[in-house]
Amino acid sequence: MEKSCRSGKIFVTGKFYEEVEYDVCSNEAYVTFDGKGGITHSTIYNQSGGFFYSANVDNRYVADNDSIYLRTKRNAQLVFAYESMSYCTKMLSGFAAYKKQVEDEIRSVKIPASAKTERDKTLYVSSIFCALENYKEFGLFKGFGASSYTTAPVLTFFRDSYWTVLSMYKDYPHLIKNQILTLAHGIDESGNCTSSVAFDFLSRFRRNHYDSPCFFVLMVYDYINRTGDRSILYETANGKTVYDYCIRVLDKLSEFEDRTGLIVKLGRYNNRDWADQINRTGYVTYVELLYARALSCLAKIVGTRDQNRARRYREMFEKTKGAIDRLLWDEEKGYYVNYRDGDFVEDNLSVDTILAVLFRIADKEKTERILDNVEKLLETKNNRIKRLGDFGVMSVYPCYRGADRCFSRSQQPFCFHNGAVWPYWSALVAYAQLMNGRDHTYALTSSFIWNLKAGNYTPNACYSPLFPGKMPLHARSSDAAFVYDWSDVDFFADNEKAW
């Protein structure tokens, strides 16, 4: 096949044969058929540095595929390339080796006994494969990218990688150690954390993120807690130890504390946490829960060397935990509100407050009420939104009242951070349910089932009936494997043998 580039578009043409039946699925592409099952012309628009396609298979719209699928009655090959045909041929010559590498990787996955059904096993393998396919090495850079989209340049994110590596602890702990050291290169002298770290360690994207410092400390703690390998604390990056970085990043974050012990997200337009298309300001429960957890974890880490300093972090944890309950718990609603900024309270139920259950910050009574409301309000099998139906575990419900705080894709209800399903959060809900003796099947598998029906064969970042989503092979969505791996042990509980 040949291509030419004109005015930012890619035009693909090729020779097709009448005896071959073609069935092409390509997202948002304009496809013209020759009446005999072949394609005579296809145009794909390049948007924001990535290709976005729509889908047409068997004359029906397939909601969201970021790949092109070609089905024929015999072997066929569909090639898109920016380079010359000779370069394309050269790259294709290595295809067999890459194919074998992928097949060997899939075969190497050890399926746990907790994955009982064929669907469980398929979901598990798909999740592990999703994480491994996002692992990249370039010199000192050794880490997990966020998705197939974060490859130009290759980036690894503090928050994305924290959730991604949860599925790696059983069989790939060495990759987690590499991830920690790579993130350490993204911390500056004063303890500021960027959102992401680039492969050249030069690019800086969004300093002073409120969740990045916490995720670094949490990852170091989890690594020691589950492997017993304290040597990570002595590893260095840019002349400083991982132990030093843990203290630096959290001490820097603590500068945003007020007298309550809570972190304050200042300014009207402050989107520096995972929901980065919502300006959540003031006291954001998600940020406060992470901060509390990080203080507790840092106390454990520092306690290996300095008991007096460890005591100070434990006292800070208790103060922050008390303020979370006092200022962010809504007794009438039965859950922690999303955020509170002065007199304004965004009191919808946000899926990220499930961290209060996972980290055991909520007491038993609050835990049960939170889980009840998650099932009632966020699980769409129970909360059937008119015209939307059953599509998984929503990220928030109701949608944001402070609609002027939403922007980009999240301006539309049930899209992106404003009510869409994020499979990694669904998996974390499932784990919280499992650890508290509840049925977790729906939260664990609903997004997998939805995406298969939509024609997405790798884990997607997020979706809803109004927002199909366009981010496949999304590393965080590998968290489903974590649920199977740690079904019989509370992953987040202290493992005293390690300390």
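The values are calculated or read from the model by the stated rules, or taken from the named source; none is laboratory data. Quick caveat: nothing in here was measured; it's all calculated off a predicted structure. Neighbour counts run over all protein chains shown; Cβ positions are idealised from the backbone, glycine included.
Structure notes:
- Of note, residue 156 does not satisfy the criterion of being at pLDDT 95 or above and either under 14 Å from the mean Cα position of the chain (by Cα) or buried (at least 24 other Cβ atoms within 10 Å of the Cβ) (or both).
- Within region 485-497, the residues that satisfy the criterion of being part of a helix (DSSP H, G or I) and out of contact with any Lys or Arg (no Cβ under 9 Å at 6 or more places or on another chain) are 496, 497.
- Filter result for residue 326 (surrounded by fewer than 18 Cβ atoms within 10 Å (Cβ to Cβ), within 17 Å of residue 214 (Cβ to Cβ) and either in contact with a Gly (Cβ under 6 Å, 6 or more places away or on another chain) or at pLDDT 95 or above (or both)): no
- Residue within region 301-323 that is in contact with a strand residue (DSSP E or B) (Cβ under 9 Å, 6 or more places away or on another chain), among the polar types (S, T, N, Q) and closer than 29 Å to residue 422 by Cα present: yes
- Scope region 385-443; condition among the polar types (S, T, N, Q), under 30 Å from residue 268 (Cβ atoms) and surrounded by fewer than 20 Cβ atoms within 10 Å (Cβ to Cβ); matching residues: 408, 411, 412
- The test for being farther than 20 Å from residue 478 by Cβ, of a type in the set (Asp, Glu) and in contact with a Leu (Cβ under 9 Å, 6 or more places away or on another chain) holds for residue 235.
- Residues located in region 170-189, provided they are modelled with pLDDT of 95 or more and either part of a helix (DSSP H, G or I) or within 17 Å of residue 158 (Cα to Cα) (or both): 173, 174, 175, 176, 177, 178, 179, 180, 181, 182, 183, 184
- Entry remark, region 301-322: residues being touching a Phe, Trp or Tyr at 6+ places or on another chain (Cβ under 8 Å), closer than 28 Å to residue 229 by Cβ and buried (at least 20 other Cβ atoms within 10 Å of the Cβ) number 2 in total.
- Residue count for region 379-422, restricted to those that are among the aliphatic types (A, V, I, L, M), touching a Cys at 6+ places or on another chain (Cβ under 8 Å) and part of a loop (DSSP other than H, G, I, E, B): 1
Matching residues to (1) surrounded by 15 or more Cβ atoms within 10 Å (Cβ to Cβ); (2) in contact with a strand residue (DSSP E or B) (Cβ under 8 Å, 6 or more places away or on another chain); (3) closer than 15 Å to residue 313 by Cβ:
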{"site": "195", "(1), (2), (3)": "yes, yes, no"}
{"site": "198", "(1), (2), (3)": "yes, yes, no"}
{"site": "201", "(1), (2), (3)": "yes, yes, no"}
{"site": "212", "(1), (2), (3)": "yes, yes, no"}
{"site": "219", "(1), (2), (3)": "yes, no, no"}
{"site": "226", "(1), (2), (3)": "yes, no, no"}
{"site": "247", "(1), (2), (3)": "yes, no, yes"}
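- Some residue of region 203-219 being charged (D, E, K, R) and modelled with pLDDT of 95 or more: yes
- Residue count for region 378-410 under the criterion of being in contact (Cβ under 8 Å) with a residue 12 or more places away in the chain, within 17 Å of residue 277 (Cα to Cα) and not charged (D, E, K, R): the result is 12.
- Condition check for residue 332: at pLDDT 95 or above, in a helix (DSSP H, G or I) and surrounded by fewer than 24 Cβ atoms within 10 Å (Cβ to Cβ): no
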